1. Can you tell me which residue among 64, 57 is within 12 Å of the ligand (Cβ to nearest atom), surrounded by 14 or more Cβ atoms within 10 Å (Cβ to Cβ) and aromatic (Phe, Trp, Tyr)?
2. Test of understanding: among 131, 84, 105, 57, which residue is under 13 Å from the mean Cα position of the chain (by Cα) and in contact (Cβ under 8 Å) with a residue 24 or more places away in the chain?
3. Taking the condition of being away from the ligand (no atom under 12 Å from the Cβ) and in a helix (DSSP H, G or I), how many residues in region 124-134 meet it?
4. Return the residues of region 11-38 that are surrounded by fewer than 13 Cβ atoms within 10 Å (Cβ to Cβ) and free of Cβ contacts under 8 Å to residues at least 40 places away in the same chain; say none if nothing qualifies.
5. Out of (1) in contact with a strand residue (DSSP E or B) (Cβ under 7 Å, 6 or more places away or on another chain); (2) closer than 17 Å to residue 69 by Cβ, the odd one out for residue 14 is which?
6. Out of 81, 75, 114, report the one residue that is touching a strand residue (DSSP E or B) at 6+ places or on another chain (Cβ under 7 Å) and more than 13 Å from the ligand (Cβ to nearest atom).
7. Considering 64, 58, which residue is in contact with a helix residue (DSSP H, G or I) (Cβ under 8 Å, 6 or more places away or on another chain) and under 19 Å from residue 130 (Cα atoms)?
8. Scan region 24-39 and tell me whether some residue there is within 11 Å of the ligand (Cβ to nearest atom) and either among the β-branched types (Val, Ile, Thr) or under 17 Å from residue 130 (Cβ atoms) (or both).
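Here, each number is a calculation from the coordinates, and none is a lab measurement. The shown structure was predicted, so the numbers you read here are calculated from the model rather than taken from an experiment. Here the Cβ positions follow ideal geometry from the backbone for every residue, glycine too, while neighbour counts run over all protein chains shown.
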Amino acid sequence: MERTLVLIKPDGVRRGIIGEVVSRIERKGLKIVAMELRTLDAETAKTHYEEHAERPFFGSLVEFITGGPLVAMVVEGDRSVEAFRALAGATDPVTAAPGTIRGDFALEVQQNIVHGSDSTYSAEREIKLFFPDL
Ligand code: IDP
């Protein structure tokens, strides 16, 4: 069974839409097998986003993602990586399709509510980082 790492980023928690996001994941038929509310330290955030280390927005992304509690989840299901990214919508919420999480709830590219692993390879790396005992 394929697994993916999902984050409800600090903007999603702040706006009180944890339940909304969880509900969409469950309605789709995906299964939440681990879930934790936590505030990331800078080191974990930098490791999580290491592929973006050279991007101009890296510093502000790390500041944003460590700026308040987030919800980390391991989500399981057939083609769960692709299935969750379809629920999330495009990275830029302005162009994300209505009906997707980002399309329905956000307007700004950084504060785009959720993260979902972009491949099964990234998923295993990210799950190890957030849930080393799983
Ligand atoms: P993804 O989250 O849809 O996989 P990525 O390109 O991997 O998108 O970017 C990771 C995260 O970095 C995005 O979800 C968003 O929060 C942030 N981000 C992406 N592009 C920009 C940008 O141009 N400015 C600020 N933040 C960005």
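1. Only one candidate passes the filter, namely 64.
2. On the way: 131 fails: under 13 Å from the mean Cα position of the chain (by Cα); 105 fails: under 13 Å from the mean Cα position of the chain (by Cα); 57 fails: under 13 Å from the mean Cα position of the chain (by Cα).
When all the criteria are applied, what remains is 84.
3. The total comes to 6.
4. Of the residues in region 11-38, the ones surrounded by fewer than 13 Cβ atoms within 10 Å (Cβ to Cβ) are 16, 19, 23, 26-27, 29, 36-38.
16, 19, 23, 26, 27, 37, 38 - these are the residues of region 11-38 that are surrounded by fewer than 13 Cβ atoms within 10 Å (Cβ to Cβ) and free of Cβ contacts under 8 Å to residues at least 40 places away in the same chain.
5. The single condition residue 14 does not satisfy is (1).
6. After ruling out the rest, the residue left standing is 75.
7. 64
8. Taking region 24-39 and keeping what is within 11 Å of the ligand (Cβ to nearest atom), we get none.
No, every residue in region 24-39 fails to be within 11 Å of the ligand (Cβ to nearest atom) and either among the β-branched types (Val, Ile, Thr) or under 17 Å from residue 130 (Cβ atoms) (or both).
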